[in-house]
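S.K.: After the structure tokens below, expect a handful of questions from me.
The values are calculated or read from the model by the stated rules, or taken from the named source; none is laboratory data. These numbers were taken from a predicted model, which means no experiment stands behind them. Cβ placement follows ideal geometry from the backbone for every residue including glycine, while neighbour counts extend to all protein chains displayed. Areas reflect the complete protein model, heavy atoms only, side chains present, ligands, DNA and RNA absent. Shrake-Rupley method; radii C 1.70, N 1.55, O 1.52, S 1.80 Å.
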Amino acid sequence: MAFLPTEPLQILEPQPPAHGRNDLRRSLVGLSRDDLKQVLAEAGLEPFRARQLWQWIYWHGVTDFSLMTNIAKKTREQLAERFVIDRPAIVTEQRSVDGTRKWLLRFADGNEAETVNIPEEDRGSVCVSSQVGCTLTCSFCHTGTQPLVRNLSPAEIVGQFMVARDSYGEWPTPTADATRMLSNIVMMGMGEPLYNFDNVVAALKIAMDDQGIALSRRRITLSTSGVVPMIPKVGEALDVNLAVSLHAVTDEVRDMLVPINKKWPIAELLKACADYPGARNSRRITFEYAMLKGINDSDADARELVRLLTPIHAKVNLIPFNPWPGAPYECSSNNRIHRFAEIVNDGGLSAPVRTPRGRDIQAACGQLKSASLRGRREKVVTPE
Ligand code: SAH
Ligand code: SF4
């Protein structure tokens, strides 16, 4: 068994961004293959260089042009004069007693977001943010109490996964899927990915490219609070696994927990899920359900959940509510959660109870960013 420290480990090493504001060189990260070709052509480079660079950037994880041994020295120097291969800067890296790692990342304009890796026995799921904050205001989610600052760019989204790979030293891309420490991406960090659709699609296409990070679409899950008109578009553009933040079985309760429900109520949401590619066959859609004491956790709620989801090829993730300072809810008791899970299981749906991970470093579902806001008041982060 891997050694785990008994206390959470906190590493605070403020660093200047890899790609500072005064650096006019263009970043090559986050461009589509075609855009990369175009940018290189404008710099007078041949089209085949795009393929070489793509492999260096996303397969080997190289950030230094001088390491690109199949490119002539003079060309490497030209590249370094005009371009950079950058990463979001790591403000802090925290390690939980349970092995979870969380990075607070700072982007070139000073905005910050968090990324988490959740290691399990046979996989590592990197929980990636799509926005700084969130425009939605789900009442049980701490991210929802923070205003949206902006959407993240494709480079900032895929860059989060690359930072995680740097941290684990997992370059070049492992050829055998089973040996990967960082094997999955879950778009479950801060923000609503379907309100930043184009950038999320661009980033995930880069992550899925088999000459680079090479993650299969089966190892990517996108979670949405229920932006119904965009759900078919996820199927068309990406065909990744879908997770839906359901959290309630009546519109009355869901309106209160996930206010986007007022726009797209449960029936419309479930219709879009039933039509998602593969949803009726082999692929199951995951419905996330945070267990909130006295709000959505009765036996009747569990039975209604079974009734609603039976027509869809679905599985339910029961998430014990993760508290945050001032939260207006409490987590259901263990007994209640297990009774609820039993009813859902007996109804024929798989309903694992998700053990909260990384609670000691505020890395669990719905807790992101809160630590950084609090941290900022407590410590002075060296400005760049
Ligand atoms: N914005 C997207 C994805 C990010 S949230 C979405 O809402 O789906 C990832 C999951 O954590 C969502 O299901 C969210 O509803 C849930 N969540 C948010 N706050 C939580 C909390 N305090 N405890 C447990 N789960 C929470
Ligand atoms: Fe935004 Fe998702 Fe939190 Fe709702 S649960 S506020 S959509 S991050």
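S.K.: Quick one: ranking H313, H338, H247 by accessible area, 1.4 Å probe, largest first, what do you get?
M.R.: Working: H313 70, H338 105, H247 10 Å².
The ordering from most to least exposed comes out as H338, H313, H247.
S.K.: Packing-wise, with mean Cβ within 10 Å as the measure, how do 197-208, 45-56, 64-75 rank, highest first?
M.R.: Numbers: 197-208: 21.1, 45-56: 16.9, 64-75: 12.9.
Top of the packing list down: 197-208, 45-56, 64-75.
S.K.: Put +1 on the Cβ of each Lys and Arg and -1 on the Cβ of each Asp and Glu in the chain; which of A43, G358, I295 then has its Cα farthest toward the positive end of the dipole?
M.R.: Selected residue: A43.
S.K.: Also, I was wondering about something else. Whenever you get a sec, line up E121, E114 from highest to lowest accessible area (probe 1.4 Å, protein heavy atoms). Each step should come with its number before you reach the end.
M.R.: On the way: E121 190, E114 0 Å².
The ranking, largest first, comes out as E121, E114.
S.K.: Also, I was wondering about something else. How big is the shadow of the Cα convex hull of the chain, averaged over all directions, in nm²?
M.R.: On the way: hull surface 78.5 nm².
Taking the Cα atoms of the chain, their convex hull projects to 19.6 nm² on average.
S.K.: Still on this structure: When ligands, DNA and RNA are left out and all protein chains stay put, how many square angstrom of accessible area per residue does the chain have with a 1.4 Å probe? Mind dumping the intermediate values first?
M.R.: Working: 17140 Å² over 384 residues.
Here the per-residue accessible area is 45 Å².
S.K.: Now a separate question. May I ask you to list the lysines whose Cα is less than 20 Å away from that of K102, ignoring any residue fewer than eight positions away on the same chain?
M.R.: K369, K379
S.K.: Could you pull out every one of the lysines with an alpha carbon less than 17 Å from that of K205, ignoring same-chain neighbours closer than 8 positions?
M.R.: Candidates past the 8-residue exclusion: K37, K233.
S.K.: In whole angstrom, how far apart do the alpha carbon centroids of region 176-192 and region 241-320 sit?
M.R.: That distance is 23 Å.
S.K.: With no other cysteine's Cβ closer than 4.7 Å, which Cys residues of the chain count as lacking a disulfide-compatible partner?
M.R.: C127, C134, C273, C331, C365 - these cysteines have no disulfide-compatible partner (Cβ-Cβ under 4.7 Å) in the chain.
S.K.: When the C-alpha atoms of region 251-373 are aligned to their principal axes, what extent does each axis show, in angstrom, from largest down?
M.R.: Principal extents (largest minus smallest coordinate, Cα): 42, 32, 28 Å.
S.K.: If I take every Cα pair under 8 Å that is 6 or more residues apart in the chain, average their sequence separation and divide by the length, what percent do I get for the relative contact order?
M.R.: Values: 738 pairs, mean separation 58.6, N = 384.
Averaging sequence separation for qualifying contacts and normalising by length gives 15 percent for the chain.
S.K.: Mind listing the Cα extents of region 168-274 along all three principal axes, in Å, largest one first?
M.R.: 49, 24, 22
S.K.: Here is a follow-up. Taking amide hydrogens as modeled 1.01 Å from N in the peptide plane, which residues meet the under 5 Å criterion relative to R357, leaving out close sequence neighbours?
M.R.: It is C365, by chain and number.
S.K.: Heavy-atom accessible area of S350 with all protein chains present, probe 1.4 Å, nearest 10 Å²?
M.R.: It works out to around 40 Å².
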